[in-house]
Amino acid sequence: MSKKVDMKVDSNNFKGDMGDGEKKIKVSSKDLWLWYGEKEALQGVNLDIYEKKITAFIGPSGCGKSTYLRCLNRMNDLIDSVRIEGKVEIDGHDIYAPGVDEVAVRKRVGMVFQQPNPFPKSIYENVAYAPLMHDIVKKGSDCDELVENSLKGAGLWEEVKDMLKQPGTALSGGQQQRLCIARTIAVQPDVILMDEPTSALDPISTQIIERLMIELKERFTLIVVTHNMQQAARVADMTAFFHIGELVEYGETEQIFVNPQESRTEQYITGKFG
Amino acid sequence: MSKIDKNNGFYIPQLEKRRAKAKRFKYIAMSALIVSLAFLMFFLYDMFRQGIPAFKQTYVKIQVEITEENLENPYGFLDRDMISIVSRAWLRDLPNQAAANPEWLGTTQEFWALAGAESDQYMKGGENRLKDRVKDRIDELKESGDIRFQTNLIFFFTGDSKIPENAGFYSAIIGSILTMLVTMSLAVPIGIMTAIYLEEFAPDNKLTQFIEVNINNLAAIPSILFGLLGLAIFINFFGVPRSSALVGGMTLALMSLPIIIVSSKAALKSVPNTIRQAGFGLGLTRWQIVRDHVLPPAMPGMLTGSIIALAQAMGETAPLIIVGMIAFVPDAATNILSAATVMPAQIYTWSGMPEKAYIEKTAAGILVLLSVLITLNAVAIYLRKKYTKTW
Ligand SMILES: Nc1ncnc2c1ncn2[C@@H]1O[C@H](COP(=O)(O)OP(=O)(O)OP(=O)(O)O)[C@@H](O)[C@H]1O
Ligand SMILES: [Mg+2]
């Protein structure tokens, strides 16, 4: 593994110059490398993600966006062949430090997936299960309240308040995805990772979820992988462009879309490849 | 289909050949089905033809004066012909009955006494070795309504016997139940736990793969080898009593385990991985995810697999012969340590007997075993249909 040979020191070191100084760094990765067996998937990514902002990851298929996202809540630990080097810090604490329990990390960093994946249980249980397991609430009115608030937070309450006992899988795809978001915010994480959360949904549902994301950033740090350039442009404060396991460019969304510094970024955004 | 028009612009010459080929294949497949159905129908017809008569039994009306003398010599009060007609088993049991009813002493009682196997066969129109004189007597009794068929409760409520008309399936039924209880309580929990460990917790390394390959191979081992294993380990090494439901059940558990593990693993595999991902994304532990989100949807599949494995074990004979469960067991086992036999073993024993009464009971035993197995499979199918969720 020729780690040092072709590492582009300059283009891989972004501090995301935001202009005003009140942005707090929430998640930060330092020289993060990842291999699937012998296959290199991330090549020393350095990236600072700001608190209560939406950060979008864009890039061609197979460039490592999902891989990088899964590093941020240690989901890659579940894949036996994965080897990781480098650091990921949340609020300045390394989540890969020895003695850190990956389950505890995932409680702080929730995740929403591409395919809506509610548990084969009722809507109520879908939301209530994890908070009960984490002892965030006890069974009873506290729990009911949390379920209601989470469903309201995900903009789903009005549609499901009379059918909480129905199976979560009986909802439409877009509703299921909002149920998954409700389930995630019920655990009260700091950071929510979303891997192409709208790619399986229709335009209306997509719009609803995009609006929801903008609401959610009041309370959470959101990191979203998307193949939809307009979506990144519409919702993201910051955008990172990945290419073949490498972070090519990172900056404010407007700057990335209007005035990209790297030719690869420009080519990708204008649709010349990817 | 109407006659093919070759000039309509849609004609493909090879198509006719292809069609003919498809048709031929269809007929071959269909005839295979018909042959197997015919075999099955013939088997069932034959079993019903032979087995149904075993569910009724001949009883004859007799008057007995209950005296000390008659009880001491039950053969004494019957005439020559009646001695050939009434079952020895019934006469032997008479003193016991009288002892249970002391008020009978000194009175004359009327009984519907069990008839012997030969008379029973004569009544059913089968082969028998009765003297013509006795046959005439039976005809007379028939005329006067003093001999008749009753439902054969003996078949269901007594154990095996050397007296054919007194032989029943009861001890085999009880033996099968006890054996299955042992098998079930060992094989199902161990099998399901193993499957959960292998599928959900074990790292995917060489050792795990080696174990999985071997479990799959075990499922294909001839069952008699499990009998030898049971003999070597349970009887010779651990000293479990021979012929007991315990040793039989443990041997069958060895045999069912791989089948239960393989089918439970398949049930767990069929739960979409996205469910597990969702759980991990919420910071749940693996055990929480498995217990509350993977097991419930996998349960029907695991139960179905277990029931089918148990049904298979229930019909198994070879390994049980080796651990001694083929013994003559007149009295039903009262616990898992006493000598017991099981339904297929009892069927096997009877099938070796020359008397028509046993041949009849063999077929009847097969019918009972078949209905139990069919019921078990129906339950398995019902469970799968009822609890399988789609998502
Ligand atoms: N479980 C895995 N085992 C081995 N290789 C993997 C695994 N997951 C991803 N990869 C490889 O790592 C590289 C990055 O994959 P990743 O899924 O992160 O891409 P992505 O940017 O999310 O692509 P997409 O936009 O198509 O989702 C790809 O080349 C892929 O083949
Ligand atoms: Mg991806």
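The values are calculated or read from the model by the stated rules, or taken from the named source; none is laboratory data. Treat the numbers as computed from the prediction; the structure is a model and nothing was measured. Here the Cβ positions follow ideal geometry from the backbone for every residue, glycine too, while neighbour counts run over all protein chains shown.
Odds and ends about this structure:
- Condition met for B:TYR45 (closer than 30 Å to B:VAL368 by Cβ, of a type outside the set (A, V, I, L, M) and out of contact with any Phe, Trp or Tyr (no Cβ under 7 Å at 6 or more places or on another chain)): yes
- Flag for A:ILE208 being under 24 Å from B:PRO296 (Cβ atoms), away from every other protein chain (no Cβ under 12 Å) and touching a helix residue (DSSP H, G or I) at 6+ places or on another chain (Cβ under 7 Å): no
- Enumeration of residues in the range A:88-119 that are in a loop (DSSP other than H, G, I, E, B), touching a strand residue (DSSP E or B) at 6+ places or on another chain (Cβ under 7 Å) and within 8 Å of chain B (Cβ to nearest Cβ): A:PHE113
- Selected residue (criterion: nearest to A:VAL191 (Cα to Cα)) from residues of the range A:235-260 that are buried (at least 18 other Cβ atoms within 10 Å of the Cβ) and free of Cβ contacts under 8 Å to residues at least 60 places away in the same chain: A:ILE256
- Extreme residue, surrounded by the most Cβ atoms within 10 Å (Cβ to Cβ), among residues of the range A:20-70 that are more than 9 Å from ligand 1 (Cβ to nearest atom) and among the polar types (S, T, N, Q): A:THR55
- Verdict on A:GLY155 being within 14 Å of chain B (Cβ to nearest Cβ) and either small (Gly, Ala, Ser) or not in a loop (DSSP other than H, G, I, E, B) (or both): no
- Applying the condition of being touching a residue at least 24 places away in the same chain (Cβ under 8 Å) and assigned to a loop (DSSP other than H, G, I, E, B) to the range B:257-289 and asking which residue is farthest from A:MET111 (Cα to Cα) yields B:SER270.
- Enumerated helices (runs of 4 or more DSSP H) restricted to the range B:1-119, each holding at least 3 residues that are under 29 Å from B:SER371 (Cα atoms) and outside the structural domain of B:ASP146 (by TED's automatic domain parsing): B:13-51
- Selection within the range A:213-253 - in a helix (DSSP H, G or I) and closer than 21 Å to A:LYS26 by Cα: A:MET213, A:ILE214, A:GLU215, A:LEU216, A:ALA232, A:VAL235, A:THR253
- Any hit, the range A:248-255, residues being more than 14 Å from every other protein chain (Cβ to nearest Cβ) and within 15 Å of ligand 1 (Cβ to nearest atom): yes
- Residues satisfying the stated conditions in the range B:200-245, i.e. charged (D, E, K, R), within 14 Å of another protein chain (Cβ to nearest Cβ) and in a helix (DSSP H, G or I): B:GLU200, B:LYS206
- Residue, nearest to B:MET314 (Cα to Cα), within the range B:235-261, restricted to residues that are surrounded by fewer than 24 Cβ atoms within 10 Å (Cβ to Cβ) and of a type in the set (Val, Ile, Thr): B:ILE259
- Candidates A:LEU222, A:LEU164, A:LEU212: the one that is crowded, with 17+ Cβ neighbours inside 10 Å, out of contact with any strand residue (DSSP E or B) (no Cβ under 9 Å at 6 or more places or on another chain) and within 24 Å of B:GLN277 (Cα to Cα) is A:LEU212.
- Any hit, the range B:347-363, residues being away from chain A (no Cβ under 14 Å) and touching a Leu at 6+ places or on another chain (Cβ under 8 Å): yes
- Selected residue (only one of B:THR274, B:THR285, B:THR304 is of a type in the set (Ser, Thr, Tyr) and touching a Phe, Trp or Tyr at 6+ places or on another chain (Cβ under 8 Å)): B:THR274
- Lone unmet requirement of (1) in contact with a helix residue (DSSP H, G or I) (Cβ under 7 Å, 6 or more places away or on another chain); (2) at pLDDT 95 or above; (3) within 16 Å of ligand 1 (Cβ to nearest atom) for A:LEU78: (2)
- Selection count, the range A:172-199, where residues are crowded, with 21+ Cβ neighbours inside 10 Å, assigned to a loop (DSSP other than H, G, I, E, B), more than 12 Å from chain B (Cβ to nearest Cβ) and more than 16 Å from ligand 1 (Cβ to nearest atom): 0
- Subset of the range A:36-78 (residues that are closer than 21 Å to A:VAL100 by Cβ, more than 16 Å from ligand 2 (Cβ to nearest atom) and away from chain B (no Cβ under 14 Å)): A:ASN46, A:LEU47, A:ASP48, A:ILE49, A:GLU51
- Looking across the range A:120-136, the residues that are outside any helix (DSSP H, G or I) and not small (Gly, Ala, Ser) come down to A:PRO120, A:LYS121, A:HIS134, A:ASP135, A:ILE136.
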